[in-house]
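The values are calculated or read from the model by the stated rules, or taken from the named source; none is laboratory data. The structure presented is a predicted model; accordingly, all values stated were derived computationally and were not measured. A quick note on method: Cβ atoms are made from the backbone with ideal geometry, for glycine too, and the neighbour counts reach across all protein chains shown. Please note that ligands, DNA and RNA were not included when accessible areas were found on the heavy atoms of the full protein model with its side chains. Shrake-Rupley method; radii C 1.70, N 1.55, O 1.52, S 1.80 Å.
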Amino acid sequence: MVSLWVTIGLIISAVCVSILGALFSIDGLAALFSGATLAVAVMAGSLEFSKFVLAAYLHQRWTKLNLLLRTYLVASVVALSAITSMGIFGFLSNAYQSATSALAAEEIKMQSLHVEKERNNLEIQRLNRSIDEIPANRITARLKLRSDLEPAVAEINKKNAEVDKKIADSKLSILAVQQKVGPLIYISKVFKVEIDAVVKYLIMLFVCIFDPLAICLVIASSESLESRRKKENTPETFETPAAGGSTPPNGNDELIQMRFTDEDSAGNKATG
């Protein structure tokens with residue numbers, strides 16, 4: 001018989017893994033079919049619940065089901081497990097894509113800011129060339145043009161300062177996003193594998209373990225509860241000790257003594 005604490009542990013593990021797997025799967029399926037999020041969530045939730053109930057039912061009634069029904073129910077459990085795995089794959093892929101998309105967006109934003117700053121610098125150079133094109137002997141004209149262009153140059157420098165601030169903010173955002181995928185980047189560098197390949201292998205590992213483990217935990221919990229129920233319903237029996245064996249329990253000893261007493265009384269009456 002499975003001990004009580006192991007049974008409790010199996011039940012808690014089955015509930016936790018099943019609920020988490022169902023939530024991840026529902027979220028992933030809703031992301032895959034974003035046009036009908038609520039309907040997909042309700043449908044996936046009902047299928048998840050029915051899958052675990054069906055797995056426990058199959059385990060308890062396996063020998064009493066006919067071959068056709070048993071085959072269909074097993075195929076249903078396998079198909080539902082595949083749907084759950086697809087949902088978990090979608091959930092984890094979406095989480096990774098969200099981080100990488102934010103990183104790509106910040107990089108595009110930074111490139112745009114660098115282009116804007118380069119354009120502003122080219123404009124300042126053009127203005128300076130217009131001043132240099134005036135002959136050196138026309139000092140008054142050069143000074144007048146320089147004074148006329150100073151507000152425009154100052155405005156451009158102000159824009160460059162704002163661009164530099166945006167570039168710094170964008171770099172900080174990139175660092176924040178890289179921290180989210182930092183472990184993946186480290187694994188990618190250690191094993192010299194592309195980060196997308198690392199993510200693919202990890203996701204496949206989660207998919208292959210998560211839902212099958214949940215089903216096995218449900219079956220193990222059902223088996224543990226069934227074994228404890230059978231043990232509690234089985235009456236305890238005591239064997240009569242052989243000659244030279246150990247002394248029987250006190251209750252049986254008293255019963256044997258009473259039987260000998262009754263037999264002696266009956267023998268005395270017959271003799272009398």
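Got a sec? Which of LEU103, LEU92 is on the phi < 0 side of the Ramachandran plot, part of a helix (DSSP H, G or I) and over 21 Å from the mean Cα position of the chain (by Cα)? First the steps, then the outcome.
Working: LEU92 fails: over 21 Å from the mean Cα position of the chain (by Cα).
Exactly one residue qualifies, and that residue is LEU103.
Looking at segment 180-194, can you tell me whether even one residue there is β-branched (Val, Ile, Thr) and modelled with pLDDT of 85 or more? There is no residue in segment 180-194 that is β-branched (Val, Ile, Thr) and modelled with pLDDT of 85 or more. When we screen LEU69, LEU4, LEU32 for residues that are open to solvent by 60 Å² or more (accessible area, probe 1.4 Å), in contact with a Gly (Cβ under 7 Å, 6 or more places away or on another chain) and either of a type in the set (A, V, I, L, M) or at pLDDT below 85 (or both), the only hit is LEU32. Within segment 35-65, take every residue that is surrounded by 12 or more Cβ atoms within 10 Å (Cβ to Cβ) and polar (S, T, N, Q) and give me the one that is modelled with the lowest pLDDT. The residue in question is THR37. Screening the candidates SER112, SER93, SER81 for the property of being of a type outside the set (A, V, I, L, M), modelled with pLDDT of 80 or more and surrounded by fewer than 16 Cβ atoms within 10 Å (Cβ to Cβ) yields one hit, SER112. Among the residues of segment 140-151, is any open to solvent by less than 60 Å² (accessible area, probe 1.4 Å), assigned to a helix (DSSP H, G or I) and in contact (Cβ under 8 Å) with a residue 24 or more places away in the chain? The answer is no; no qualifying residue exists.
Please work out if THR84 is in contact (Cβ under 8 Å) with a residue 60 or more places away in the chain, of a type outside the set (Gly, Ala, Ser) and within 24 Å of ALA220 (Cβ to Cβ).
Values: in contact (Cβ under 8 Å) with a residue 60 or more places away in the chain: yes; of a type outside the set (Gly, Ala, Ser): yes; within 24 Å of ALA220 (Cβ to Cβ): yes.
Criteria met by THR84.
Quick check, is VAL74 surrounded by 13 or more Cβ atoms within 10 Å (Cβ to Cβ), more than 23 Å from the chain's Cα centre (by Cα) and in a helix (DSSP H, G or I)? Yes, satisfied. Among the residues that make up segment 161-168, is at least one of them open to solvent by 50 Å² or more (accessible area, probe 1.4 Å), over 30 Å from SER25 (Cβ atoms) and among the acidic types (Asp, Glu)? Yes, some residue in segment 161-168 is open to solvent by 50 Å² or more (accessible area, probe 1.4 Å), over 30 Å from SER25 (Cβ atoms) and among the acidic types (Asp, Glu). Checking each residue in segment 152-183 for being over 25 Å from ASN121 (Cα atoms) and free of Cβ contacts under 8 Å to residues at least 60 places away in the same chain picks out LEU175, ALA176, GLN179, GLY182, PRO183.
Applying a threshold of 8 Å to beta carbon distances and a minimum spacing of six or more residues, or different chains, the list of pairs starting in segment 24-44 at a residue that is over 21 Å from ALA214 (Cβ atoms) and of a type in the set (Val, Ile, Thr) and ending at one that is assigned to a helix (DSSP H, G or I) and open to solvent by less than 80 Å² (accessible area, probe 1.4 Å) reads THR37/ALA30.
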